[in-house]
Ligand code: PMP
């Protein structure tokens, strides 16, 4: 077989191992160059977390919480796990709990996308909805209430050390390994719990101090940017809804309080710049990544990429930027992300259909 010099043969050889469980496939996600959207002279990469088995960065957190609790004895065999989650943590936990045989109950505000509930139920979890008017704090308090009333294991993603630790042990190590000997000028991420920025920040500050860390949050919910401190209870849980919070369309980002896990990154100055992004801008860039690069991410990935593109515009020539893509676009089919894409043919598609005589719909 002949091949032109710039077309690679696509022969594969397997991973050289057999996997004992789906949970062993978590992590080691690829860093991928963006070839058509990045401005000239600047290299932009994305870390594609949708390669995780349940298609988001939160698979890492899920296995960390469950295995940390197994090791320290706080989770007993067969005990029910309960957690408040906007979706991806619930989906990751549902995958891990199914694989390891723990029942899972998830509490979730009814404002999050319907397919998230269905995916969790498909993975064997029970989903208890809470009123959207009571925001993130409502679903959080419901999970704690259920945990106390039933003796269930509360996963506690917003406070647990198992959160940043897994990003220190996996996400950050993968970035160090993949950029070994290579330039890395900017690392761009948003936050939900803050686990990603806290864990990666710990490591980059020490091992790659020249890399600038850019944190982002929704333009209409700048709770970190406001500078107003979060009131907390004795157990570090949020005592009140943060005054700068407003509902925003970047699911998975910025709950209505500053999580304790994120507080470490704020106090430790793990980021060099905080750049807000508007939800519609994030959605625009998510669609661009899909249509122009074939990289299929969700709203938070698009928003992180929007900030990376903004950084790229003013970065010095030769700069290298890495943006986190936390999950897959398939999680947003019922949301405004997919609004431009109807089920029926659009005018362009109809014109193609009518351009030849056969098999027309009309
Ligand atoms: N994007 C999405 C879609 C998420 O679900 C999350 C986690 N809630 C994040 C980003 C943020 O990650 P982290 O919790 O590590 O800050």
Q.
Looking at region 174-192, can you tell me whether even one residue there is at pLDDT 95 or above, assigned by TED's automatic domain parsing to the domain that holds residue 45, under 21 Å from residue 236 (Cα atoms) and within 8 Å of the ligand (Cβ to nearest atom)?
A. yes
Q | Sole residue being away from the ligand (no atom under 16 Å from the Cβ) and either without any contact (Cβ under 8 Å) to a residue 60 or more places away in the chain or farther than 30 Å from residue 135 by Cβ (or both), chosen from 18, 75 | A | 18
Q.
Residues that are at pLDDT below 95 and assigned to a strand (DSSP E or B): does region 238-258 have at least one?
A. yes
(Q) As an exercise: evaluate residue 234 against (1) part of a loop (DSSP other than H, G, I, E, B); (2) surrounded by fewer than 16 Cβ atoms within 10 Å (Cβ to Cβ); (3) at pLDDT 95 or above and give the number of the one condition it does not meet. (A) (3)
Q. Does region 311-340 hold any residues that are surrounded by 12 or more Cβ atoms within 10 Å (Cβ to Cβ), in a helix (DSSP H, G or I) and in contact (Cβ under 8 Å) with a residue 12 or more places away in the chain, and which are they?
A. 311, 312, 329, 330, 331, 332, 336, 337
(Q) Six or more apart or on different chains, Cβ atoms under 6 Å: show the pairs whose first residue is in region 180-193 and touching a residue at least 60 places away in the same chain (Cβ under 8 Å) and whose second is assigned to a loop (DSSP other than H, G, I, E, B) and within 16 Å of the ligand (Cβ to nearest atom). (A) 190/253; 192/252; 192/253; 193/157; 193/158; 193/259
Q. Do you know which residues across region 17-72 are at positive phi, surrounded by fewer than 17 Cβ atoms within 10 Å (Cβ to Cβ) and in contact with a helix residue (DSSP H, G or I) (Cβ under 8 Å, 6 or more places away or on another chain)?
A. 28
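So that you can scan it fast, the table gives a plain yes or no per residue for (1) under 28 Å from residue 299 (Cα atoms); (2) touching a strand residue (DSSP E or B) at 6+ places or on another chain (Cβ under 9 Å); (3) not in a helix (DSSP H, G or I):
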{"position": "61", "(1), (2), (3)": "yes, no, no"}
{"position": "69", "(1), (2), (3)": "no, yes, no"}
{"position": "90", "(1), (2), (3)": "yes, yes, no"}
{"position": "94", "(1), (2), (3)": "yes, yes, no"}
{"position": "98", "(1), (2), (3)": "yes, yes, no"}
{"position": "121", "(1), (2), (3)": "yes, yes, no"}
Q: Looking at (1) farther than 17 Å from residue 166 by Cβ; (2) not in a helix (DSSP H, G or I), find the lone condition where residue 83 falls short.
A: (1)
Q) Considering only residues of region 226-245 that are free of Cβ contacts under 8 Å to residues at least 40 places away in the same chain and touching a strand residue (DSSP E or B) at 6+ places or on another chain (Cβ under 8 Å), which is nearest to the ligand (Cβ to nearest atom)? A) 230
Q.
So residue 115 ticks every box in (1) crowded, with 19+ Cβ neighbours inside 10 Å; (2) at pLDDT below 95; (3) more than 14 Å from the chain's Cα centre (by Cα); (4) part of a helix (DSSP H, G or I) but one. Which box is left unticked?
A. (1)
Q) Looking only at residues in region 257-283 that are away from the ligand (no atom under 13 Å from the Cβ) and under 19 Å from residue 165 (Cβ atoms), which one is surrounded by the most Cβ atoms within 10 Å (Cβ to Cβ)? A) 268
Q: Within region 296-314, track down each residue that is away from the ligand (no atom under 15 Å from the Cβ) and touching a strand residue (DSSP E or B) at 6+ places or on another chain (Cβ under 7 Å).
A: 310, 311, 312
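The values are calculated or read from the model by the stated rules, or taken from the named source; none is laboratory data. All of these numbers come straight from a predicted model, not from anything done at the bench. In this analysis, Cβ positions are derived from the backbone assuming ideal geometry, glycine residues included, and neighbour counts consider all displayed protein chains.
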